[in-house]
1. Can you give the FRET efficiency for SER9 and ARG275, using 1/(1 + (r/R0)^6), R0 = 56 Å, r = Cβ-Cβ distance, to the nearest 0.05?
2. Choose one of GLY43, ILE141, ILE100: the residue whose Cα lies farthest towards the positive end of the charge dipole of the chain (beta-carbon charges +1 Lys, Arg; -1 Asp, Glu; about the Cα centre).
3. Round to a whole angstrom and tell me the spacing of the C-alpha centers of the range 1-65 and the range 94-158.
4. With a Förster radius of 51 Å, plug the Cβ-Cβ distance of LEU386 and ILE328 into 1/(1 + (r/R0)^6) and report the FRET value to the nearest 0.05.
5. For ASP76, which sequence-distant residues (separation of 5 or more, or a different chain) have an amide H within less than 5 Å of its own amide H, given hydrogens modelled in the peptide plane?
6. Within a 10 angstrom radius of the beta carbon, how do VAL185, VAL37 rank from fewest other beta carbons to most?
7. Among [x] 28, 61, 12, 0; [y] 16, 24, 15, 8, 7, 7, 8, 8, 5, 2, 0; [z] 16, 22, 15, 10, 10, 12, 8, 5, 1, find the value of P(r) over Cα pairs in 20 Å bins from 0, in percent that was calculated from the structure presented, and write down its label.
8. Fewest Cβ neighbours within 10 Å first, please rank ARG160, ARG275, ARG204 accordingly.
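Derivation of every value follows stated rules applied to the coordinates shown; laboratory data play no part. Remember, it's a predicted structure, so these values are computed and weren't measured experimentally. Backbone-built Cβ (ideal geometry, glycine too); neighbour counts: all protein chains shown.
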Amino acid sequence: MEERIYTVSEFNGIVKEFLESNNIFNNFFLKGELSGVTYYKSGHLYFTLKDKKSQIKCAAFNYKYKKIADDLKEGDSVKIFCDVGFYEARGDFQILVRYIEKENTLGEMYQKLEDLKKELEKKGMFSLGNKKQLPAYPKTIGVVTAFTGAAFHDIVKTTRKRYENINIYVYSAKVQGLGAKEEIVKGIETLNNIDEIDLIIAGRGGGSIEDLWTFNEKEVAEAFFNSKKPIISAVGHEIDILLSDLVADKRASTPTQAIEIAIPVKKDIKENILRREKYINRLIDEMIKSKRKDLEKRRNNYIIKSYIKEIERKKEDLFRRESFLEKIITQVINDKKNILENKIHKIISLNPLEVLKRGYSITTFETKIIKNIEELKVGNMIETKLSNGNIRSKVEEIIISEKEDN
């Protein structure tokens, strides 16, 4: 057998010529379900057409001029009129689309999903009233994702960058394929039983809708909804909304964004605290200054000043009155004292003992004071009281003095 050796360019050229010259690869129909639908500003449309077993890449260049609809989406069942295309420079095989006809609005997979959404919505699983508040400053987070996946490394990297003190618990789970939904459910339940975990992030990196479909499973949605701890759905996709996004307490478009939502930047916290401290100190200073100004105004107020002067005048008047009153009281006391002393002198002067000291005496007969000479007879025994003693004597003679003419 002759040895055939081609360069890559030669081989690609042969393949291209074979495909384009063979009528079987031109002007035919394909039917299947759309996936990865992407409209570009350049006017080109790219998507994948698939069935249960296989898929193929398709391109519709200048789709608007071919009157192709601009509302095609994941899961649409379509029939396309097309040719086989081969991009020689890259060796890419694809279907070149001429026209697209929708067979129904939703593919079988999406129809089941819509039915499930309605069921869960009736149960209130999408209600905002059932959403739990995320903690403002979590200390420990739990993550359910593939340990070897890029999503986990992005989560760790972003966490350490924002707040290096955060603790991370990881439950490594399959995120696509057989057994994935069971592992994700188990992971959420396990992390819920660890007391120190403040919130949970469950998700994965990006991929096709088929890769992400595990997060549309009923069991996974129920696990998100039944989580006792706040939970974030962090699946790397932007266009579609998955069931986990609808039932979670918060939705993030990527695992990295989940960390940005859940964990504050430590530096920002410190700066915010310093700003608040400065703001409070400034408020206190302004309040003190304001109170001082207000107090000064009150001090300088005409009414208050007048009132103070009035008080001072009343105080002076009170002192004058007090002094005057003291003089009056002193005068009254002195007058009373003089009167009392005079009375005392009179009382003393009237005291018989005092009279006796001046040379007078008192004569008694049988304890009766003799006031008149006629009260005595010759021979009576009398007693004469002097200032320093008594004299007893007998009346020998009574001499009556003559009365003086007035």
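1. Details: r = 64 Å, r/R0 = 1.15.
Using R0 = 56 Å, I get an efficiency of 0.30.
2. Comparing the listed Cα positions along the dipole, ILE141 ranks first.
3. 31
4. Numbers: r = 49 Å, r/R0 = 0.96.
After rounding, the FRET efficiency stands at 0.55.
5. Those qualifying (amide H under 5 Å, at least 5 residues apart or on another chain) are LEU34, GLY107.
6. Working: VAL185 21, VAL37 18.
Arranged by neighbour count, lowest to highest, VAL185, VAL37 become VAL37, VAL185.
7. [y]
8. The fewest-first ordering by Cβ neighbours comes to ARG275, ARG160, ARG204.
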